[in-house]
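Notes follow once the structure below has been shown.
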Amino acid sequence: MKKQTSQADVSLNRSLGLWSALALVVGTIIGVGIFVRQAAIINDAGSAKAALFAWLAGGLLTLAAGLTIAEIASQIPSTGGLYAYMEAIYNKFWGFLSGWMQIIVYGPAMIAALGSYLAILVLDFFHLPSFWTLPIALGSIILVGILNIFPNRYGGAFAIITTICKLVPVAALIIFGLFFGHADAFSQSVGDLHTTAGGFGVAMLATLFAFDGWILVANLGGEIKNPKKMLPRAISLGIMLVMVIYLLVSYGVLKSIGPAKIHELGTTAIPYIANQDFGVWGGKALSIGIIISIIGCMNGKIMTFPRIMYAMAEEKQLPGSKWLSYLNPKTRTPVFAIIATLIIAGLMICFTNPDRISELCIFTVYCFYVMAFVGVFLLRKRNPNQVRVFSVPLFPFTPIVAILGSLFVIISEITSDPIGVLVSLSIVAIGIPVYYFKVMRPRQATK
């Protein structure tokens with residue numbers, strides 16, 4: 001196995017504890033999906049029971065993936081996450097491509113999508129004209145970006161605060177649904193209402209998108225106290241907590257208004273529940289909770305994705321590596337990597353559809369996930385006598401589930417959106433000439 005500690009890890013400040021790391025996992029996963037995807041998943045699954053099983057299956061698959069990565073993270077606790085794992089397990093080429101995909105498109109697109117959706121909610125909340133959509137979207141990512149230029153303990157504390165705040169509306173939906181909901185959640189099949197259900201597989205795929213983001217805390221491996229122990233705990237505990245939350249919220253929503261009403265209301269189902277249970281002010285309180293949820297999710301992504309860019313720049317793999325690898329001497333944060341990430345995200349907000357781009361990148365992310373999951377077998381074979389701080393439970397069953405589940409996602413994307421798959425692969429392929437000029441050619445010149 002290749003090096004486990006880079007110059008990036010030595011330079012960065014290890015100040016994030018378990019609670020900060022756990023809050024980043026939960027806060028980065030829980031964004032808007034749990035609030036707006038209830039109807040879509042029920043419609044695809046065809047019934048309330050199937051929808052709950054889809055959430056459970058998606059959660060178990062994500063948990064298997066998280067536990068598998070947790071073992072790798074305990075052996076390679078480096079800044080960069082998936083990028084560092086791919087380089088250590090395979091080689092610099094695969095590490096570079098995984099990092100390139102995340103810093104050029106996937107990360108900025110996720111940040112841009114959150115900024116755009118946040119702007120829509122703010123406009124609706126304050127009844128502002130549509131003219132303010134772009135300024136609010138850009139302003140939101142800039143403000144959260146400025147927060148992350150300060151020492152990472154502030155971003156970690158903000159993650160804890162926003163995670164607690166976003167759990168308030170989540171708790172309200174669960175409590176009122178379970179104890180005061182009177183709808184017969186399982187009596188009617190959504191298939192009785194329409195004939196366009198996508199099936200259980202499509203519903204499960206949608207839940208995986210809602211669980212996406214669980215691996216991002218690994219990008220901060222060099223800034224977490226005792227990462228060999230903390231990273232596995234944060235990843236596994238965070239995913240389990242989110243899985244329970246998603247199941248309880250979904251069941252609470254079903255108990256509140258039933259599948260037929262959810263199908264009828266679509267994305268407005270949860271605001272309807274808030275107004276029904278709490279009145280007009282309840283709807284406003286829920287909107288505030290969702291806004292905080294998006295801001296917290298955005299904070300997690302702005303805090304993590306620039307660390308990949310920084311780690312790659314430390315290896316001189318990117319154009320402008322001298323600047324992108326710069327650390328503020330006081331705050332020990334990668335200032336220019338954060339700024340570069342925000343610039344790309346801002347351009348996407350202005351000129352593209354970030355939601356569409358982030359959807360296309362899901363395919364490539366899962367391609368690299370599969371390779372990383374296979375990596376746990378490779379590491380055990382290479383280092384049979386190594387004492388592991390964390391071992392994936394039920395080995396080899398758990399990583400096999402993660403691999404098969406990821407292959408399911410890949411095959412589903414290929415069959416449902418072949419053009420999008422080609423676009424995704426083309427984006428990754430652009431990184432090949434960059435790799436040649438920034439990594440291979442300098443090596444050849446020194447020989």
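The values are calculated or read from the model by the stated rules, or taken from the named source; none is laboratory data. In this text the structure is predicted, and so the values were computed from the model without any measurement. Every residue, glycine among them, receives a Cβ derived from its backbone with ideal geometry; neighbour counts consider all protein chains shown. Protein only, heavy atoms only, side chains kept; ligands, DNA and RNA dropped before computing areas. Shrake-Rupley method; radii C 1.70, N 1.55, O 1.52, S 1.80 Å.
Determine whether Leu123 is in contact (Cβ under 8 Å) with a residue 40 or more places away in the chain and either assigned to a helix (DSSP H, G or I) or among the charged types (D, E, K, R) (or both).
no
Please state which of the following conditions Ser130 fails to meet, knowing it meets all the rest: (1) in contact (Cβ under 8 Å) with a residue 12 or more places away in the chain; (2) open to solvent by 10 Å² or more (accessible area, probe 1.4 Å); (3) among the polar types (S, T, N, Q).
In the conditions (1) in contact (Cβ under 8 Å) with a residue 12 or more places away in the chain; (2) open to solvent by 10 Å² or more (accessible area, probe 1.4 Å); (3) among the polar types (S, T, N, Q), Ser130 misses (1) alone.
Would you point out the residue of the stretch 133-151, among those that are closer than 18 Å to Val32 by Cβ and surrounded by fewer than 24 Cβ atoms within 10 Å (Cβ to Cβ), that is modelled with the lowest pLDDT?
Thr133
Could you pull out every one of the helices (runs of 4 or more DSSP H) wholly within the stretch 382-447 that has 3 or more residues that are under 30 Å from Pro227 (Cα atoms) and in contact (Cβ under 8 Å) with a residue 12 or more places away in the chain?
397-416
Could you check, for the stretch 330-350, whether at least one of its residues is in contact with a strand residue (DSSP E or B) (Cβ under 6 Å, 6 or more places away or on another chain) and either modelled with pLDDT under 90 or not in a helix (DSSP H, G or I) (or both)?
No: the stretch 330-350 contains no residue that is in contact with a strand residue (DSSP E or B) (Cβ under 6 Å, 6 or more places away or on another chain) and either modelled with pLDDT under 90 or not in a helix (DSSP H, G or I) (or both).
Name the pairs whose Cβ atoms lie under 6 Å apart, with the first residue in the stretch 292-316 and within 20 Å of Leu231 (Cα to Cα), the second basic (Lys, Arg) and buried (at least 24 other Cβ atoms within 10 Å of the Cβ), and 6 or more positions between them or separate chains?
Gly296/Lys166
Can you tell me which of Ile120, Ile161 is at pLDDT below 85, within 19 Å of the chain's Cα centre (by Cα), open to solvent by 20 Å² or more (accessible area, probe 1.4 Å) and not hydroxyl-bearing (Ser, Thr, Tyr)?
Ile161
Here is a check on your reading of the model: is Leu379 of a type in the set (A, V, I, L, M, F, W, C), assigned to a helix (DSSP H, G or I) and loosely packed, with under 15 Cβ neighbours inside 10 Å?
No; evaluated as a whole, the condition is false for this residue.
Being closer than 16 Å to Met312 by Cα and either under 15 Å from the mean Cα position of the chain (by Cα) or modelled with pLDDT of 90 or more (or both) is the filter here; which residues of the stretch 51-82 pass it?
Correct list: Gly80, Gly81, Leu82.
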